[in-house]
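See structure below.
The values are calculated or read from the model by the stated rules, or taken from the named source; none is laboratory data. Note that the structure is predicted; figures quoted are calculated from it, not measured. Here the Cβ is made from the backbone with ideal geometry for all residues, glycine too, and neighbour counts use every protein chain on show. Areas reflect the complete protein model, heavy atoms only, side chains present, ligands, DNA and RNA absent. Shrake-Rupley method; radii C 1.70, N 1.55, O 1.52, S 1.80 Å.
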Protein chains: 2
Amino acid sequence: MKNMSDSSRIKVIPLGGLEQIGMNMTAFEYNDGIIVVDCGLSFPDDEMLGIDCVIPDITFLLENKDKVKGFVITHGHEDHIGALPYVLKEINVPIYATKLTMGIIEGKLSEHDLLSVVKRKVVKFGQSIHLGDFRIEFIRTNHSIADAAALAIHTPVGVIVHTGDFKVDYTPVFGDAINLCRFSELGKKGVLALMCDSTNVLRPGFTPSERKVGKTFDHIFSENTKSRIIIATFASNVDRVQQIINTACKYNRKVIVEGRSMVNIISVAREMDYLKIPDNTLISIEEMKNYTDDQLVLITTGSQGESMAALSRMAASIHRKVQIKPGDTIVFSSTPIPGNEKAVSKVINELYMKGANVIFNETHVSGHACQEEIKLMYSLIKPKYSIPVHGEYRHLMEHGKLAQSMGIPKKNVFLMESGDVLSIGKEDAKVVGKVPAGSVLVDGLGVGDVGNIVLRDRQNLAENGIIIVVLTLEKYTNQILAGPDIVTRGFVYVRESENLIENAKVVVTEALEECLSRRNADWGKIKMVVKDSLGEYIWKTMKRNPMILPIIMEVE
Amino acid sequence: MKNMSDSSRIKVIPLGGLEQIGMNMTAFEYNDGIIVVDCGLSFPDDEMLGIDCVIPDITFLLENKDKVKGFVITHGHEDHIGALPYVLKEINVPIYATKLTMGIIEGKLSEHDLLSVVKRKVVKFGQSIHLGDFRIEFIRTNHSIADAAALAIHTPVGVIVHTGDFKVDYTPVFGDAINLCRFSELGKKGVLALMCDSTNVLRPGFTPSERKVGKTFDHIFSENTKSRIIIATFASNVDRVQQIINTACKYNRKVIVEGRSMVNIISVAREMDYLKIPDNTLISIEEMKNYTDDQLVLITTGSQGESMAALSRMAASIHRKVQIKPGDTIVFSSTPIPGNEKAVSKVINELYMKGANVIFNETHVSGHACQEEIKLMYSLIKPKYSIPVHGEYRHLMEHGKLAQSMGIPKKNVFLMESGDVLSIGKEDAKVVGKVPAGSVLVDGLGVGDVGNIVLRDRQNLAENGIIIVVLTLEKYTNQILAGPDIVTRGFVYVRESENLIENAKVVVTEALEECLSRRNADWGKIKMVVKDSLGEYIWKTMKRNPMILPIIMEVE
C-alpha cells in the first residue's frame, strides 16, 4: 500500500458546500495535520419535513480526531459557522477568525454553553496562524457582512487560496476594499490552487457596491417624509443596517430594532465598533408611541417571509407591539432566496391589504462576485489548479468553463463532490479517493436520529394521513376480544365521513375473521390482511393511499 | 327590503381569481339570469399537504341553480377550465367557447365520463351568444395558447368587457393579432366596466411577440448541429410547439413528442388544424434508435421541474425510453412559476451532471400583457369602472394605480375579494354584499372532504410524526390487561432509539397507574394523562412535539 502521508502532497477534502449553496466545510490534510476551513449549516429542503437545520457529516474528522488542529473561519454567516456548536461537541479544537466573525461565533457558543470550553483566537488581516505544517494567512475581502476573509493556506507543497464568500467593493461602507494587492503578490510568487466562490457565476458583469443601496435609501426617505418607514433586511448585514441608521439620522428619525437575531447582531457589532450609532438615535419599541410616524424608522427581520419573523408577524396582525397601518412605507432590502418567493409574496400581499406602501426589489445588492470579479481573481492569482466551491453543480460547471476561459487547462479544473479526496502535488493533482460525506439532520435536540425512513414516513403522513386499526386478541385462541377499532388522523374529517369509517370496519372485520379462522394466522399475517383489505377498500372508494398501521394487543 | 332583482343594475360576483393567480371564475347576475365566465382550478399551496388541486366554492351558484344559464370560457388553460368537470357534476348547464378551447375541454370531459351529458357550443370570434338578457360577444386576443377570447358582455345596463388572459401580439404565430379595432369601437360607444388581466401589471413595457422565441430556436439549432436537442415547454403552448416543429423541419430533424399532456394537446391541436406538422416529421419514441443525434428533436413536458414529468424522469435516470447523455442540448422554453424555482434548479443540476448542455432563460416570452399593453386597453375601451382581475392583491393594487393614471377616478376602481357582490347601475357602482366564496380542496375522489382540521393534522404529522399509545383495560375494574404499547411513525428511527421508547413506556405506565388508582378515572382523563406525561417527557429529552394519540380498548 502507498504511503498515506506522502509529504510531497496535500489533500483537499470538501465535506460540504459542493452540492448546494450552504453547509460549507473543507478539510486540508498534510502529513499528520488537518485544518478545517468553515463549519456551516444549511437550511432544510422542502422534503426534509420537520427538520430544523442540516449539518455536514464529520465521520472523516472523527476518524482522524487526533490530527485536527483547528477550525479556520472565513466570515460570520450561518452557512459558514452554523454547525460549529454541534461539531465542537464532538471535536473540541480551537477556532480562528477575524474579530466580528468571532463575536458572532461567541454568541452561538454561549447559547450552547460552550463558551468556556472552546479555545478561540482572533486573527487580524495580514496576520498568519501556524497549525502543524500549515501557515494560514487572513486576507481582507468584501461581502455582505463585515470582516470577511479569504485564506492563503501556505503548505510545503505550495499555496492554496480559498476566497470564502466575496465580492469586490471599491467603496465599502465599513473598512477597506478587498486586498487585491495581496492576491496579486501571491499570484506573482505562484499559487498552486484557487478555491473560489461560485454563487453568482451565472451572472455577467460586476456586483454593485453596497453604497449604491445607501443612495436608494436616501431617495426613499426623501420621497416618504410623512410616513413611518419599516425596513426589513438580513440581520447579519451590518453595513446595510449602518446605512439605514445613517439615513435615519440625516432625516432626523429615531430607530427601533425589532426581531431577535437583528437585536443580537446589532448589539455585538456595536460593542465591537463595527456599527456606529449616534447617541439618542436608538429607542425602544415601547418608546415608539412618543413619536410621530415621520420621526420613526423600524429595522426588522423577516425579509425572507419567514413565518415567525417580526415583519411577517406584523403583516399577519400577530405582532404584539407593531400594527401596520395605511400610509406606512415598508422596504424589503433583500432578494428572496430561491424557495422563499411565495412566502415573501404572501407577506407583501398582506402588507398591501393593510394599506401600506411596499417597496420591493430596489434596495439590495448581492454580497457575491459576478463573472467579471471572478475573472479578476483568476487574473491576479493565476492558479495552477482551479477548484470551484460554494455552489450547486450548475454553478461549479459554469465556473469551470470560466476558469478555462481564463487559461486554466481543462485537466487542471476539478469539479468535486463532497467527500472527494483531491491529492495535489507539485507536478500533478488527482482525485484519489472518497471519505464519508453527506447531510446530518438536526431536529430539536436530536442530531442524526431522523433519517430516510423517518422522512419517508413523514412525507407519507403529510400527503395521505394515517389510519390506525387496533384489536385485542386472546392469547392462544386468537379470538378477538375487542376491536377492530379504527382511528384516523390527517385523512378525512371524521364527522363527515362516519359511513366511510363504519364500512371500513366491516371490511376489516370480515377479512380478519376469515384470516383468524385459519390455524396458522400469526401476527405478521394478521397485520398484512388488515393492511391489504383496508388499503384496497380506501383506494377503490377514494383513490387515496393513507398509511395503514395495524396494532394488535394480546390478553391472556 | 330592497328589490333583489333591480332591472336597472347588474351584479358582478367574482368567485375566484382575486386572491391568487389561478382558479378564475366570475358570475354575472341580471334579473333572473346568471352567466359564469371561466371555471378554473388552482394548484395547491405548500401547506395544502396531499391535495391534488383546488376549485372554487360554488355555494352561490348551487343556491341559484335555476338562474344559471351557462359557462362562457375565455381560453383553454387549467386556471380557466380545470374546475369544469367537478362543477358540471353539480350544475349541468351548457358551455360556450372557441374551437380549440372546446377541443381541450372535451378531452377533460371525456376523462370524467361527462362528454355525452354536457351541452356545448363552439363560438367564433365576432359571434355573440344570447343567454337570458345577456349578449356575450367573443373578441380575439393573443395569449400563450391559441383561440384566446376577451368577452364583451352586453347587458341592458351597459357593456362589461372581460379581457380574459391576454397580451398584444402584432405578429402571432397562429391566427390574427388581437382585435384592437373592436375594443376601440366598443370604447367609442361607451363601456360600463373593464375587467382586465393583472398578471404582469408589475412589469413595465410590452411583452415581446411569441415570434421572438422562434428566432432564438433558430439560433440554438444552428449552434448545436451535432447534438440531440430536447426542448421542454408548456403542453398547452401550441404556438411554441409549432415554432419548434418549424425549426426542426428547417434543420431536417425528426420530432418526438414525450409526456402525456403534451401528446394529448398536440393531437387535439393537430386534428383541429391549429398545428401544422408536415408528413414524416413526427416519429415515435421507439423509432428514435434509427436516427443519429443530429437528426432528432424531443419536445417534452417537465419545464417546471414537476417530479413525475418526462424531463424530470430523464434527468433522474428513471425514464424508461430516453437516457440523457453527454452532448445533449436541453432547452427550457419556460420561466419557473413562483414556487417551482428549486424544483427546476434540481432538474438542471441533474442534467448538467449527466454532461448535457442546458439552455435556460433564453427561449420564453410571457403570455400576459405588461403595463403598456394594459394602458393600451384602457385607452381604447375608456371604461367608466375598472375591476382589476387575475392577480394577487399586490397586482390588483398596482393595477388600480395604473387605472387611475389612465384617468379612472379612484372611486370607480374596485379592488374586490372573491365573494364580493358589486352592483353596477348607470349612475353608480358599489359593493352591496358578500356571497360564500373560498377554496374547495380535491384529494383523490374526495371533493371538499379535506378541511382545515385534516390539514392541520397533516402539517403536525409532517413536522413531528406521531406516537400512538395503546392499552387494553378491563371493563368496570379499569385494570390494565395489556399495554401500554408505544408505536411511532415519522418520529425517530426506532432501532436507534429503543431506550427512548422503553423510558417513555415507563413514564406513561407510572402516570397511568397513578391515574387509574383514583376512582373517577374516565377515558377522557386517562387519555389526557397519557398525552401530558408523554408530551412533557419527549419535550424535555428531545425538544420535539410529536402528535400523541392514546387509544384505549376495553375487554369485559
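Things to note:
- Size of the stretch A:211-359 from its Cα atoms: along the principal axes, largest to smallest, the extents are 37, 31, 31 Å.
- Taken along its principal axes, the alpha carbon cloud of chain A reaches lengths of 87, 77, 47 Å, longest axis first.
- Inter-copy spacing of residue A:286 label points, which lie 7 Å from Cα along Cα→Cβ, given in nm from shortest upward: 8.0
- The stretch A:452-555 - charge dipole about Cα centre, Lys and Arg +1 at Cβ, Asp and Glu -1, debye rounded to 20: 320 debye
- Comparing the full protein assembly with the isolated chain (1.4 Å probe, heavy atoms, ligands and nucleic acids excluded), the residues of the stretch A:417-446 losing at least 20 square angstrom of accessible area are A:443, A:444, A:445.
- For residue A:438, the point set 7 Å out from Cα toward Cβ sits 4.4 nm from its twins in the other copies, listed from shortest up.
- Average beta carbon contacts from partner chains per residue of A:344-354, 10 Å cutoff: 4
- A 1.4 Å probe run over the protein chains yields, for the protein assembly as shown, 41 Å² of accessible area per residue, whole-number rounding.
- The B-A contact accounts for roughly 5400 square angstrom of buried accessible surface, both chains included, probe 1.4 angstrom.
- For the pair residue B:6 and residue B:260, label points projected 7 Å from Cα toward Cβ lie 5.0 nm apart.
- Förster-model FRET efficiency, 35 Å R0, residue B:379 and residue B:32, C-beta, rounded to 0.05: 0.45
- GluC sites (Glu not before Pro) lying in DSSP loop within the stretch B:103-161, provided at most 15 other Cβ fall within 10 Å: none
- Within the accessible area of the stretch B:129-189 (1.4 Å probe), percent carbon and sulfur: 49 percent
- Proximal lysines to residue B:121, defined as alpha-carbon separation beneath 26 angstrom and excluding residues fewer than eight positions away on the same chain: B:11, B:65, B:67, B:69, B:89, B:99, B:108, B:167, B:276
- Charge sum, other residues only, whose C-beta stays under 14 Å from residue A:180's C-beta, Lys/Arg counted +1 and Asp/Glu -1: +1
- Rg ratio (alpha-carbon, reference 2.2 N^0.38 Å) - the stretch A:1-122: 1.09
- Span from the the stretch B:371-386 Cα centroid across to the the stretch B:4-60 one, whole angstrom: 24 Å
- Cleavage-rule hits (trypsin sites (Lys or Arg not before Pro)) in the stretch A:373-480: DSSP loop, at most 15 neighbouring Cβ within 10 angstrom: A:426, A:475
- Burial of 10 Å² or greater, the stretch A:373-414 residues [accessible area, probe 1.4 Å, versus chain by itself]: A:392, A:393, A:394, A:397, A:398, A:401
- For the stretch B:224-333, the list of trypsin sites (Lys or Arg not before Pro) that fall in a loop by DSSP and count at most 14 other C-beta atoms within 10 angstrom reads B:226, B:276, B:320, B:321.
- Simple label model, 7 Å out from Cα along Cβ direction - residue B:135 to residue B:284, nm: 5.3 nm
- Between copies, residue A:273 shows label-point distances of 8.3 nm, shortest first, with the point placed 7 angstrom from Cα along Cα to C-beta.
- One chain, two ends: residue A:498 and residue A:513. Fully extended at 0.36 nm per residue, the span grows by 3.1 nm beyond their Cα-Cα distance.
- Inverse mean reciprocal Cα-Cα distance (Kirkwood Rh) of the protein assembly as shown, Å: 33.1 Å
- Under 20 Å from the residue A:307 label point (7 Å along Cα→beta-carbon), backbone N, the stretch A:441-462: A:442-445, A:455-462
- Theoretical FRET efficiency, 1/(1+(r/R0)^6), r = Cβ-Cβ of residue A:122 and residue B:532, R0 56 Å, to 0.05: 0.70
- With every protein chain in place, the stretch A:452-555: carbon and sulfur % of accessible area (1.4 Å): 47 percent
- Note on residue A:203/residue B:428: beta-carbon distance plugged into 1/(1 + (r/R0)^6) with R0 of 56 Å gives a FRET efficiency of 0.60.
- Spin-label model, residue A:342 to residue B:226: label points 7 Å out along the Cα-to-beta-carbon direction sit 4.2 nm apart.
- Applying a length cut-off of 24 Å (Cα extent along the axis) and a mean Kyte-Doolittle floor of -0.5 to the DSSP H helices of chain B leaves B:498-517, B:523-542.
- Percent of alpha-carbon pairs separated by more than 18 Å within the stretch B:55-166: 50 percent
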